[in-house]
Each structure stands twice: as structure tokens, then as C-alpha cells.
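Take a look at the structure set out below.
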Amino acid sequence: MASSNLMVGLEIGTSKICVVVGEGKPDGTLKILGVGQAPSRGVRKGEIVDFETAMKCVHEAVVDAEEKSDIMIRSVYLAITGGHIQSFNNRGCVLLPEDRDEIDEQDVEDVRVNAREVSIPSQNAFLHSIIQSYHIDGQDGVLSPVGMLGQKLEADFHIIHGMRSRIQNSIRCVKELPLDVEDVVFAPFAAAQVVLTQHQKNLGALVIDVGGGTTDYILYNDGAVRQSGVLAVGGDHITNDISMGLRIPMTRAEKLKIEEGSTVLGNCLPGETVLLKDDSGFAGKEIERETLNTIIHMRLRESFELLKKRLEDEPFLNYLGEGIFITGGCSQLNGIDNLAEEVFEIPARVCHAQTMSGLTSAFENPQFSAAIGLIKYAQAVQADRPARGGIRGLVGKLLGRMR
């Protein structure tokens, strides 16, 4: 992987491991060269619970991506999720010395550091400090303060942090292969890079990434991240409800959910059933379609209501001019967008990565949004080298603690 234009995104999900190899083009576009996948084992609710097993699964996905893209992978951008992830908004402030009034790069870095000087749990590490807006001597809406004159620089940031040990486990899982970790990126932040345009971020949009073990979310307003987080509930919980409610094995419940499931109620013919054929150790069963759909509907409704309650702590839900964008593997459930509209009372749609060249099947599949987003994130970081320091520094510090 000698070319600096080649980038690899790795998402260690609850249901699947996904590796996307991309190439940045001179005109700023991206080409997807290959996608590697492997079933995920040793991962629960987006977090590693069996290190050796998870590592083998990651290796399988990496090898698959190498074969499909004809690229030797040496480093990756790694997506992070899990119920331990937290976020908040905070303002940083620096005063320039009396003998200087021109704001420079160091002042911008200092105000970022100042915004992080808040108390977070001792076991946590910062993941991102995402700029919302700059203010110079009370002037709002400054986009780029470097070179401007003033005495007081303030900046608002959205700050994301999570448990150090759990982030370390994901990094170690990759380092043991051995692969380098270029950056660690909060999964929905990565997904938003490819499912939203800048215009949509400006008008206000909520991205909900419904995966196997977690529901990740990130909310934009006026072009900036305002809220983000993780609910430790996802598609696997729907499967478990189907398995328990219909008294069928988990593997059959998962297949039933994917092939026959819907969130829409009242759409079935009276007495309409789905026939589960007999299999080794399973005698077969006839399932009422409305019962199946009710189980799916109730679990997803509960998840959306939990998310809505969490988002209502801030006022931004009222200012989503572009509405809700649902992505992730579980977003393919029939009627999920209609259910979201019903709960949030805001227009919702299922989405995938914006059109790019390469494997059409990859960017048109919502389950790859976060992994493809990592490539887009990597491209932006490589174009703006100074922005790298903060997160590469985080990876270095986390790994340093393990040596």
C-alpha cells in the first residue's frame, strides 16, 4: 500500500467486520477498489468481548479486502462505537498577549486545548474535538480565524470521549495483525461524511446508523455537529425478540427478520402466515406475519423513542430542515423510515453513501456507510495535515499506555 492516495477503513461491528479500500483521485473524488467482509464474533454491542476470536474475524475481513482490491493493507482508519461513548458541547477561550494582535495557528490549537480542559471520567479518553464556530472579540460566525486581528479568540466545540480501555482493545485488535492504526473515528461521524452533503448539514440533519448491536447517531445544525452518541440496542435485539417471542432458533429468527420482516402493521391479509421449513434439529413452524411484524415494530419504536428522549435534552431536534437519514445494516427493514417519521414527527429517509466511482454495490448498500465514510474522512485529513495531530496523538498515547 505504497501510494498515499490509498486509504482503508475498518469497522468492527457486532454482526459483521467490514474493510473498505479506497483511492483518492486528484479531482477530490473517491474510487472504491474493494470491500472485505467477515461475520463478526467476539463482539457485543459494538465492543470486543473475546479478543482472540474478534482478531481472527478482523484478519479474515482484511484478507478478503486484500484479495478483492489486489492491495496489500498495512494501515487502517478504525471506526469506534459502543455504549461508553459520550459527548458534550464546550467553549474554549484564549487571550492574545498585549504585544500581538494577529491570530496564528498556535492560538487556534490553544483554544482547542482550552475547550478540553473540563472534567471527564478518569478512565475516559478524548476522541474528537469538532469545531462548531469561532468568535473574535465578540464577533460571531468566524470561519477561519488565522490571520485575523483581535485580542480574544473563543471557539465552540463538540467533544466526544469514551472509555480508554475499550478504545484500546479495538486498537490492539488491529495492531496485533499487525496493522497500523492511522486514526480512530467515531462511527456515525464517519458515516455522516458520505451520507450527508454540506448543504444538508447546513440546513440541519440527523443521521441514525442502526447496526447489529448499537444505534449510533449524530445531529448537524448550521453545518456543525451539535449532538452525538450511542444507544446500546440494534438489530440483534430485534432478532432476539423474534427468537424468544416465536420460540424459534436465533439463526432462523435472523433469516426471518431479513427476508420476511417489516415494521409496517395492519398491512397483512387476515391469517396470513410465513412457513418456516423443517431443518436439522428444527421441526418447522408456521408464523403469523402480523405477529412477526408487531415484534419488529415494537422493538424499533422503543429504540426510536429512547433516542428522541435523549435528543430532546437540547433544542436542535426542532431545527432539522433536511430531516432524518437512516443508514446501517438494519436500515433495510421495510418501513423503518415511516416508523421514524411517526415517532420523531420529522421527514425521514433511508440513505447510503453518495455516488462515487468503483464498486456500485458497496456505496449503494447502507451497511457500508460508516466504513466508506472512514475513507472520506481519511481523504479530508490527508488534505489538511495539521488536523491529524490531535487524533494521531490519541492513538499514540493510548498505545503508549499499553507498552
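Quick notes
- Scanning the range 131-177 for residues that are at negative phi, over 26 Å from the mean Cα position of the chain (by Cα) and among the acidic types (Asp, Glu) yields Asp140, Glu154.
- Failed item, numbered, when Thr251 is tested on (1) among the hydroxyl-bearing types (Ser, Thr, Tyr); (2) free of Cβ contacts under 8 Å to residues at least 12 places away in the same chain; (3) assigned to a strand (DSSP E or B): (3)
- Residue count for the range 172-192 satisfying the condition of being buried (at least 19 other Cβ atoms within 10 Å of the Cβ) and assigned to a helix (DSSP H, G or I): 8.
- Taking (1) out of contact with any strand residue (DSSP E or B) (no Cβ under 9 Å at 6 or more places or on another chain); (2) surrounded by 14 or more Cβ atoms within 10 Å (Cβ to Cβ); (3) under 21 Å from Asp156 (Cα atoms) in turn, Asn318 satisfies each apart from (2).
- Taking the criterion of being assigned to a strand (DSSP E or B) and of a type in the set (A, V, I, L, M, F, W, C), the residues of the range 134-151 that qualify are Ile136, Val142, Leu149.
- Residue within the range 58-75 that is touching a Lys or Arg at 6+ places or on another chain (Cβ under 8 Å) and polar (S, T, N, Q) present: no
- Residue match in the range 212-229 (condition: basic (Lys, Arg) and within 24 Å of the chain's Cα centre (by Cα)): yes
- Selection within the range 318-343: residues that are small (Gly, Ala, Ser) and under 22 Å from Gln354 (Cβ atoms). The member of this set that is modelled with the lowest pLDDT is Gly329.
- Taking every residue in the range 54-67 that is in contact (Cβ under 8 Å) with a residue 24 or more places away in the chain and pairing it with any residue that is part of a helix (DSSP H, G or I) and crowded, with 21+ Cβ neighbours inside 10 Å, at least 6 positions away or on another chain, the pairs with Cβ-Cβ distances below 9 Å are Ala54/Ser170; Ala54/Cys173; Met55/Cys173; Met55/Val174; Val58/Cys173; Val58/Val174; Val62/Val174.
- Test: residue in the range 105-123 that is among the polar types (S, T, N, Q), touching a strand residue (DSSP E or B) at 6+ places or on another chain (Cβ under 7 Å) and either outside any strand (DSSP E or B) or surrounded by 19 or more Cβ atoms within 10 Å (Cβ to Cβ) (or both): yes
- Subset of the range 31-40 [assigned to a strand (DSSP E or B) and either within 19 Å of the chain's Cα centre (by Cα) or surrounded by fewer than 19 Cβ atoms within 10 Å (Cβ to Cβ) (or both)]: Lys31, Ile32, Val35, Gly36, Gln37, Ala38, Pro39
- When Thr355 is tested against (1) hydroxyl-bearing (Ser, Thr, Tyr); (2) modelled with pLDDT of 90 or more; (3) more than 13 Å from Val35 (Cβ to Cβ), exactly one condition is not met: (2).
- Within the range 282-297, the set of residues being over 35 Å from the mean Cα position of the chain (by Cα) and aliphatic (A, V, I, L, M) comprises Ala283 only.
The values are calculated or read from the model by the stated rules, or taken from the named source; none is laboratory data. Predicted model only: the values in this text are computed from it and were never measured. Positions of Cβ are backbone-derived with ideal geometry, glycine not excepted, and every protein chain shown enters the neighbour counts.
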